[in-house]
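This structure is in structure tokens; I'll ask about it shortly.
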Amino acid sequence: MRTLDPKTSEDRKRRLLQAVIFHYMQTGKPVGSQVIVDKYNFGMSSATVRNMLMDLEKEGFLIQPHTSAGRVPSDKGYRLYVDSLLEVQSLAATEEERIRKEYAARAKELEDVMISTSRMLSSMSNYTGIVLSPRLDKSLLQRLQLIPLSNTQILVVVVSQAGLIRHKAIQLSQPMSPERLNMISEMLNERLKGLPLSEVRTQILHHIEAVEQEQSEVFSIARELARDAFDLRSVDGEVYIDGRENIFSFPDSGDFSELSGLLKAIEQKNLLSSVLEKTMKKEGLSVKIGAENSRPELRSVSLVSNTYKLGDHTIGVLGILGPRRMEYGRMIALVEGVTKVVNQMLEKMVSNE
């Protein structure tokens, strides 16, 4: 009996594991040795394949749900499969064109880009699309505008250099004419443009203190702005989600308690925000499979995500939340393709400011 050298044996097991995972992703059914012999040209007997499947199970790459059933991939098996993807499937030209048309039709402000992105990721994957927008307090001020709503109430519109817009209605302690509001807007823009929004709150008062005393009303409105419009202490990046309902059709979605926990996790945006914030610390593509997710509520699913940038700065995360049994090659290609377009859209928005 010929004995294979260890390298050849490991290579065979790896190819066998890939075949099992591929077949399971296509059918959703446990894979037995006879299926491998019938459908894949490995040139091995059913007994040899069966022994190799047992080895893969002992090594933690496969699970046998029942003693009489075939085997399914474990999280460890999926991880080896994802890591072995030598070529990421590229998006078809028609899919890339569809993405660009969607953004061209809808993306006018940053919020439009975020909404369109989560919708696009969901519709093209049939899973759940999620996007973490840039944190407002990390953004730089592009301009602010004071719009009168009544004699003593104004709408403050804050625009960051990334295109993020925040609206805030505030009540003034004294009436202010539209002409005066416009003058104050121009003065504040001249002095504060380019500052991080986290600093604007304190810098408003610092700069206005230099204004002549007869312009006390300017100091008064600056105090109102610092207290209300630029109170960013609790502001995190907004999480945009589309396709929540798709989780009901995830294959292998588990029992009711598992599904209920996943639904609650998706609805708790602060939970998802913390998960995505951690993901953002490691730039680039990330694939978290099942138990690799830090939150127990997400351990029945996989998260394929990527960071997006403005210039050289990473400012947010986008991705797909889907079942462990997914077409990883296509999902990775979709996430990377959408990231590329989002980066281009953000650059374009800033250059048009």
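The values are calculated or read from the model by the stated rules, or taken from the named source; none is laboratory data. Just so it is clear, the structure is predicted and the values come from calculations on it, not from any experiment. All Cβ positions, even for glycine, are placed from backbone atoms using ideal geometry, and neighbour counts span all protein chains on display. Ligands, DNA and RNA are stripped out before the accessible areas are found, and what is left, the full protein with its side chains, is counted by its heavy atoms. Shrake-Rupley method; radii C 1.70, N 1.55, O 1.52, S 1.80 Å.
For R299, which of the numbered conditions (1) crowded, with 18+ Cβ neighbours inside 10 Å; (2) at pLDDT 65 or above; (3) within 27 Å of H167 (Cβ to Cβ) fails to hold?
Of (1) crowded, with 18+ Cβ neighbours inside 10 Å; (2) at pLDDT 65 or above; (3) within 27 Å of H167 (Cβ to Cβ), only one is false for R299: (3).
Six or more apart or on different chains, Cβ under 9 Å: which pairs go from a residue in segment 264-288 that's surrounded by 12 or more Cβ atoms within 10 Å (Cβ to Cβ) to one that's assigned to a helix (DSSP H, G or I) and small (G, A, S)? Could you list them?
Close Cβ pairs (under 9 Å, with a partner that is assigned to a helix (DSSP H, G or I) and small (G, A, S)) amount to L271/A265; L272/A265; V275/A265.
Hand me the list of helices (runs of 4 or more DSSP H) wholly inside segment 1-87 holding 2 or more residues that are in contact (Cβ under 8 Å) with a residue 60 or more places away in the chain and within 30 Å of N293 (Cβ to Cβ).
Hits in segment 1-87: 6-27, 75-83.
Right, here's the next one. Any idea how many residues of segment 18-51 are open to solvent by less than 30 Å² (accessible area, probe 1.4 Å) and either farther than 23 Å from T67 by Cβ or touching a Pro at 6+ places or on another chain (Cβ under 8 Å) (or both)?
5
Looking only at segment 275-314, filter to residues that are of a type in the set (S, T, Y) and assigned to a strand (DSSP E or B); which one of those is farthest from V338 (Cα to Cα)?
Per the criteria, the residue is S302.
Moving to a separate point now. Which number in (1) touching a strand residue (DSSP E or B) at 6+ places or on another chain (Cβ under 7 Å); (2) closer than 26 Å to I315 by Cβ marks the one condition that L181 misses?
(2)
Does segment 1-17 hold any residues that are surrounded by 12 or more Cβ atoms within 10 Å (Cβ to Cβ), at pLDDT below 90 and in contact with a helix residue (DSSP H, G or I) (Cβ under 9 Å, 6 or more places away or on another chain), and which are they?
Listed by number, the residues that qualify are S9, R12, K13, R14.
Being open to solvent by less than 10 Å² (accessible area, probe 1.4 Å) and in contact (Cβ under 8 Å) with a residue 60 or more places away in the chain is the filter here; which residues of segment 334-346 pass it?
Initially, segment 334-346 is screened for residues open to solvent by less than 10 Å² (accessible area, probe 1.4 Å), giving 334-335, 338-339, 341-342, 346.
Selection gives L334, V335, V338, V341, V342, L346.
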